1. Output the residues belonging to segment A:112-122 that are touching a strand residue (DSSP E or B) at 6+ places or on another chain (Cβ under 6 Å) and more than 8 Å from chain B (Cβ to nearest Cβ).
2. In this structure, is B:Met69 in contact with a strand residue (DSSP E or B) (Cβ under 7 Å, 6 or more places away or on another chain), at the interface with another protein chain (Cβ under 8 Å from one of its Cβ atoms) and hydrophobic (A, V, I, L, M, F, W, C)?
3. Just for segment B:378-392: of the residues that are closer than 17 Å to B:Tyr6 by Cα and aliphatic (A, V, I, L, M), which one is farthest from the other protein chains (Cβ to nearest Cβ)?
4. Sort through A:Gln75, A:Gln61 and tell me the only one that's within 11 Å of chain B (Cβ to nearest Cβ) and either closer than 17 Å to B:Ile39 by Cβ or under 17 Å from the mean Cα position of the chain (by Cα) (or both).
5. Taking A:Ala246 as the residue in question, decide whether it is surrounded by fewer than 22 Cβ atoms within 10 Å (Cβ to Cβ) and at pLDDT 95 or above.
6. For segment B:220-233, what are the residues that are surrounded by fewer than 13 Cβ atoms within 10 Å (Cβ to Cβ) and either in contact (Cβ under 8 Å) with a residue 60 or more places away in the chain or in a helix (DSSP H, G or I) (or both)?
7. Given (1) touching a Ser or Thr at 6+ places or on another chain (Cβ under 6 Å); (2) in a strand (DSSP E or B); (3) in the same structural domain as B:Ser426 (by TED's automatic domain parsing), identify the lone condition not met by B:Lys277.
2 protein chains.
Amino acid sequence: MRLSRYFLPVLKETPAEAQIASHRLMLRAGMIKQASAGIYSWLPMGFKVLKRIEQIVHEEQIRAGHIPMLMPTLQSADLWRESGRYDDYGEEMLRIKDRHGRDMLYGPTNEELITDIFRAHVGSYKDLPLTLYHIQWKFRDEIRPRFGVMRGREFYMKDGYNFDIDYDAAIHAYNRHMVSYLRTYERMGLKAIPMRADSGPIGGEDTHEFLVLAETGESEVFYDSAILDLTLGDRAVNYDDRAECAAIVREWTTPYARTDETHDAAIYGQIPEARRKSSRGIEVGQIFYFGTKYSEPMGAVVTNDRGERVPVHMGSHGIGVSRLVGALIEANHDENGIIWPEGVTPFHCGIVNLKQGDAEADAACAGLYKALAEKGLEPLYDDREERAGAKFATMDLIGLPWRITVGPRGLKSGVVELTCRRTGTSEEMSPEAAVARVAEIYAPHTAPHWEPMAKSSFHTWL
Amino acid sequence: MRLSRYFLPVLKETPAEAQIASHRLMLRAGMIKQASAGIYSWLPMGFKVLKRIEQIVHEEQIRAGHIPMLMPTLQSADLWRESGRYDDYGEEMLRIKDRHGRDMLYGPTNEELITDIFRAHVGSYKDLPLTLYHIQWKFRDEIRPRFGVMRGREFYMKDGYNFDIDYDAAIHAYNRHMVSYLRTYERMGLKAIPMRADSGPIGGEDTHEFLVLAETGESEVFYDSAILDLTLGDRAVNYDDRAECAAIVREWTTPYARTDETHDAAIYGQIPEARRKSSRGIEVGQIFYFGTKYSEPMGAVVTNDRGERVPVHMGSHGIGVSRLVGALIEANHDENGIIWPEGVTPFHCGIVNLKQGDAEADAACAGLYKALAEKGLEPLYDDREERAGAKFATMDLIGLPWRITVGPRGLKSGVVELTCRRTGTSEEMSPEAAVARVAEIYAPHTAPHWEPMAKSSFHTWL
């Protein structure tokens, strides 16, 4: 993309209403604009990041054998009366009457709707296991929306639901979700720690939250620092293998990690002191096993292999897709702006032309642009007639991880400058070397991540 | 995808509530399930088609130089009061009060919101031309929703908005949209005819609707059959070239083609009789030029090159993404089911194993699956323990354009059968030849369509 043709309305001033870094930076970098309280328009660059995150979530869900679909935003109140949650849910549920006076609501979650789909179409244990998920806009009528997309009213979320024949199969689904979530966050460059949590209004026996450490987090968290050393790396996970998934879950849930809701000072006290950490955390996902809580009242039953009708065991599993944009920035910024991890950056590499209009500099930039695009990368070329300082400030603010600076002086000696946003270090090299270097850095992120698939899976994504 | 692991709840019976083929077939093929009146869940296969269409729309918009973003579903009523449309819009607008009693609405369209974004961030002619678009769920509270996704209440739509300095620039944007829409429909295998139309509640001077010919269409249309012969093919269009875009528009708007709203019997009578056609049509898109209708009342003004403040010239342009799924089926089905055009099919090729459990047949199917996947294609492998007739009926119903049938008898002579869903013709050949043939058929559809881009454009999509 050439910046002169893009719509990137960066702000010079810090907006007064923004209390936390991610909100401030998303407004300043022209990623969002508030449409009304807690409701945002995603301007082009913000939309790109949102889509990058959505794509990673899809790929990792499909890799785990979960099937994408889409439920609508508006739901009939009837299903919620059936589960008993219509009255339980407080004022955060946005209740709507249509022109015929029928009670509707803007879905805050989808347990009822998915259970209704399941009971209408599935009747036999032979159709299990089944995990369906979607990524859709939800609404929660927060009394005091704040912190930008971190605590908005209209928000984008992945929610998935597993249907299994018994407890063991459902716990495998739970484990499969934990593993796929760990992979998802890792690909985004995020350290999200699974912590034993409270089940809240969804209900359930087993539940973990995934928390990103950040000063502005809404939860206090306590953990054994050993958990920070764990990584999946490029382990090939067979999601059909119960023991393999359980082992990974054990690995991640053995070190102590809890939110203030479930914190146990006695157990925490036993961690060696140097590893005992407390901090703030941002919740970016949660998984639940809740057994037959919805299947029993709503009649989601199947025939088992002995011919008996049994309610299915379910769980639900969510990732806050729009919230992740904020969480990523909270965890990755400095005083000059955002620092995108390579996995989610809106553009892979900036190109700054120090002398727009200089024939040689213009040609070198166009050549870099073409070469990067041919490697499957998306550059953002600042081709505006602006002074170098302003171009650098914009690049630092929007936080592309890599920047190539092109100027007449360097070109005389055949070099451009490659700069890392995170470390601030620059290196001079030939344009060809810069392109090769950037392509190499992104190789793990631009490879088709849904192919080859995990051994177990035949799913592909569009 | 292996069918045994998928969620494809096909129905044997024809649902009584469905009056038209697309509604009937989408229910029967397990593509959708009604959630409440005029509101649908998209089951996995329906969701896949929706995404294919969305992807084509994105690619062609980006190719034309239009910039993707995303506006929220819920809007504040205030902006609509400013444009004067809050009261004009009837009961089809879903009006909502939030917990603080503020008037909100579920957006049926986005002229107000996009104009608000524009006026907040753009002040100079130097930032023009600018076309922003999004693909988002909309709501129209139809008094009597019917025909499935063709006339639902919650629907998925692409709407784009151009901002230009003067009439000529805005007409170029109008033309650019017409050309990009023609390409979009053509890639989907649809013949959509641009017809001079009425502007309706959006308001405007110049407007064309795009209509697909189908018996079940809601509009009566009159046209010169010469228009059916026009095709863009793989013409490389330079979307920055005003004359080139205008010429294509002239080509498509010269033959007579109008809906009953704008029909002129006198002009129609002058067409040679053999080419004079009338039929029913389904509207799948509409483009508008409406000048300063929103920019004046809402103060969307920029400074021109003479330093004067002038309201921008605007247009809005829509494609019914969810409606297209229905329209595609109306135009492509027979008594056995759907017949997907190659450009939008949920899976590229079916694999039918005539003898599941036969080691040789199973191995041949697995080999075909792998070979097709390696060509970047998505097969749907019916690996269920079902008799051949049931497998064929399912394949015909869901309408994949190509099917490979594998049986022990054929394998003895080293052949499988490749069947075309549209013509019903089958041909025996080696598995390798079948894979090569299918890959060749799909080559125009699996190539990366957003790269190389049109000469003018540096946009890429995720």
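The values are calculated or read from the model by the stated rules, or taken from the named source; none is laboratory data. Source: prediction; values computed, not measured. Neighbour counts are summed over all protein chains in view; Cβ atoms, including those assigned to glycine, are modelled from backbone coordinates with ideal geometry.
1. A:Ile114, A:Phe118
2. yes
3. B:Ala390
4. A:Gln75
5. When the stated conditions are applied, A:Ala246 passes them.
6. Correct list: B:Asp229 only.
7. With respect to (1) touching a Ser or Thr at 6+ places or on another chain (Cβ under 6 Å); (2) in a strand (DSSP E or B); (3) in the same structural domain as B:Ser426 (by TED's automatic domain parsing), B:Lys277 is out only on (3).
This table checks each residue for (1) on the phi > 0 side of the Ramachandran plot; (2) out of contact with any Cys (no Cβ under 7 Å at 6 or more places or on another chain); (3) crowded, with 18+ Cβ neighbours inside 10 Å; (4) hydrophobic (A, V, I, L, M, F, W, C).
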{"position": "B:Ile117", "(1), (2), (3), (4)": "no, yes, yes, yes"}
{"position": "B:Ser124", "(1), (2), (3), (4)": "no, yes, no, no"}
{"position": "B:Pro129", "(1), (2), (3), (4)": "no, yes, yes, no"}
{"position": "B:Leu132", "(1), (2), (3), (4)": "no, yes, yes, yes"}
{"position": "B:Phe139", "(1), (2), (3), (4)": "no, yes, yes, yes"}
{"position": "B:Glu142", "(1), (2), (3), (4)": "no, yes, no, no"}
{"position": "B:Phe155", "(1), (2), (3), (4)": "no, yes, yes, yes"}
